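Just below is one structure, and these are the notes that go with it.
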Amino acid sequence: MKILVLNCGSSSIKFQLIETDSELIESDTDRCIAKGGVERIGTDEATLKVTVPPAPSVSTTEEILDHQTALTRAIATLKEHHAVADISQIQAVGHRVLHGGERFTAPVIIDEDVEQGIQQCVELGPLHNPHNLRGYYVARKVMPQVPQVAVFDTAFHQTMPPHAYIYGLPYSYYRRYHIRRYGFHGTSHRYVAYRYRRIFGKAREEANLITVHLGNGCSMAAIDKGNCIDTSMGLTPQEGLLMGTRCGDIDSAALLYIMSKDELNLHDMSILINKFSGLYGISGESNDMRELEDAAAKGDAQAKLAIDVFCYRVKKYIGSYSAALGHVDGIVFTGGIGENSPPVRAQVCAGLSEMGIQVDPARNAAVVGKESEISTKDSRVRVMVIPTNEELLIARDTFRVVRGLPNPH
Ligand code: ADP
């Protein structure tokens, strides 16, 4: 089955065309036929980029004023480059949806009732859910006969127990506004946990894992026998680890202090903690780990401090999730930094041998962007690098939901 996976933002659409079915999933040979994106939608300088491997990427700049035109152009380009002979070959669409609140614990076919449910979660995910819904509306217009499935970033974390998701606020805020930890990157955590079990031939019950997704946004999950029991992001993707431009965990009173000192309003404060903090805020120069690693190597003290804070925070969460799980079989690094930065992985895991975590320096240094073990032969806890593939899991989920098959991951 050819499935179009869509991730729709305010002025962008990212897409992948993936061929999958039960046999391909079983043999792990389902694959991306084409991928691409449209950016700067709403302008006369929108860019449309499509890659149909093994051919090189093609890119055009043109006027694309709305998302429906963007999707129509993207599909036309897929046809031009022979990824599909005709639009009718696309048999289902899988949408990445940021927030599913407490209602959505698994992928679902979008019908009127589900659409309303996603709408109700707009308050919780105001920056993403409206655009994710817009992706659904335009795909329904362009492909009216095709089933559309929503795959939620929050769903995997819905197995968390109340003691992990309730904040220390008056309980009425949970009742009235659903203020609680939800967690994000769920599809990524679920995918790498599945890959870990697949690589080592383990059942869900046989692997307790700490998954570490380090990209521009960063989060971790504690996975007990296949079920998420805690995660570092919260009501929003702001909580937890230090990120590219987000501050992560902070004394909430520090924000009130800054607001009163500098007379900042809510909007100013939101920009400060989301766009000007994290690696960027501490280093004062970049949110890009590669640039910070280069600068630190040349003696830049602020860049080194940003990396130190970043790695220390991950290490602390490994400690707390080890306690939460009681027994850890594996730690998995993923995301742009987790997959590609041996120095970060080494710094995070340094000094954890008492906890059974030992990274082999030579193995670690050799692993950039590929699936491989980086722990020593004696390490009680296996440390792995597993590149994430959220789109593949969205395509698989979409296939299973459309066919009414159980979802084993
Ligand atoms: P997003 O969360 O936007 O999907 P990615 O997962 O692509 O982002 O991660 C982006 C981060 O990965 C950036 O900080 C980038 O510097 C970092 N990164 C990518 N390649 C490397 C590398 N070789 N070494 C260190 N960091 C890297």
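The values are calculated or read from the model by the stated rules, or taken from the named source; none is laboratory data. As the structure is a computational prediction, the values presented were derived from the model and not from experiment. Quick reminder, even Gly has a Cβ in these numbers, built from the backbone with ideal geometry, and neighbours come from all protein chains shown.
Go through the stretch 191-225 and count every residue that is crowded, with 24+ Cβ neighbours inside 10 Å and more than 16 Å from the ligand (Cβ to nearest atom).
Number satisfying all stated conditions: 5.
Could you figure out which of (1) within 27 Å of V332 (Cα to Cα); (2) in contact (Cβ under 8 Å) with a residue 24 or more places away in the chain; (3) of a type in the set (D, E, K, R); (4) exposed (fewer than 15 other Cβ atoms within 10 Å of the Cβ) isn't true of K275?
It is condition (1) that K275 fails.
Do we have any residue at all in the stretch 101-110 that's out of contact with any Phe, Trp or Tyr (no Cβ under 9 Å at 6 or more places or on another chain) and either under 20 Å from M160 (Cβ atoms) or among the charged types (D, E, K, R) (or both)?
yes
Kindly list the number of the only condition in (1) within 14 Å of the ligand (Cβ to nearest atom); (2) over 21 Å from the mean Cα position of the chain (by Cα); (3) in a helix (DSSP H, G or I); (4) not hydrophobic (A, V, I, L, M, F, W, C) that fails for R290.
Going through (1) within 14 Å of the ligand (Cβ to nearest atom); (2) over 21 Å from the mean Cα position of the chain (by Cα); (3) in a helix (DSSP H, G or I); (4) not hydrophobic (A, V, I, L, M, F, W, C) one by one, R290 breaks only (2).
What tally of residues in the stretch 90-128 results from selecting those that are in contact with a strand residue (DSSP E or B) (Cβ under 7 Å, 6 or more places away or on another chain) and either β-branched (V, I, T) or closer than 19 Å to Q68 by Cα (or both)?
Going through the stretch 90-128 one residue at a time, the tally reaches 13.
G336 versus (1) among the small types (G, A, S); (2) part of a loop (DSSP other than H, G, I, E, B); (3) within 16 Å of the ligand (Cβ to nearest atom): which is the lone unmet condition?
Condition not satisfied by G336: (2).
Condition first: surrounded by 23 or more Cβ atoms within 10 Å (Cβ to Cβ), among the β-branched types (V, I, T) and out of contact with any Gly (no Cβ under 7 Å at 6 or more places or on another chain). Can you find one or more residues in the stretch 233-251 that meet it?
No - not one qualifying residue is present in the stretch 233-251.
What's the number of the condition I64 fails, among (1) over 21 Å from L392 (Cβ atoms); (2) in contact (Cβ under 8 Å) with a residue 60 or more places away in the chain; (3) surrounded by 21 or more Cβ atoms within 10 Å (Cβ to Cβ)?
Exception for I64: condition (2).
Which ones in the stretch 339-388 are surrounded by 17 or more Cβ atoms within 10 Å (Cβ to Cβ), within 16 Å of the ligand (Cβ to nearest atom) and in a loop (DSSP other than H, G, I, E, B)?
S341, V367, I374, I386, P387, T388
Out of the residues in the stretch 293-319 that are away from the ligand (no atom under 16 Å from the Cβ) and in contact (Cβ under 8 Å) with a residue 60 or more places away in the chain, state the one that is farthest from T376 (Cα to Cα).
Y317
All but one of (1) at pLDDT 95 or above; (2) on the phi < 0 side of the Ramachandran plot hold for P406; which doesn't?
Going through (1) at pLDDT 95 or above; (2) on the phi < 0 side of the Ramachandran plot one by one, P406 breaks only (1).
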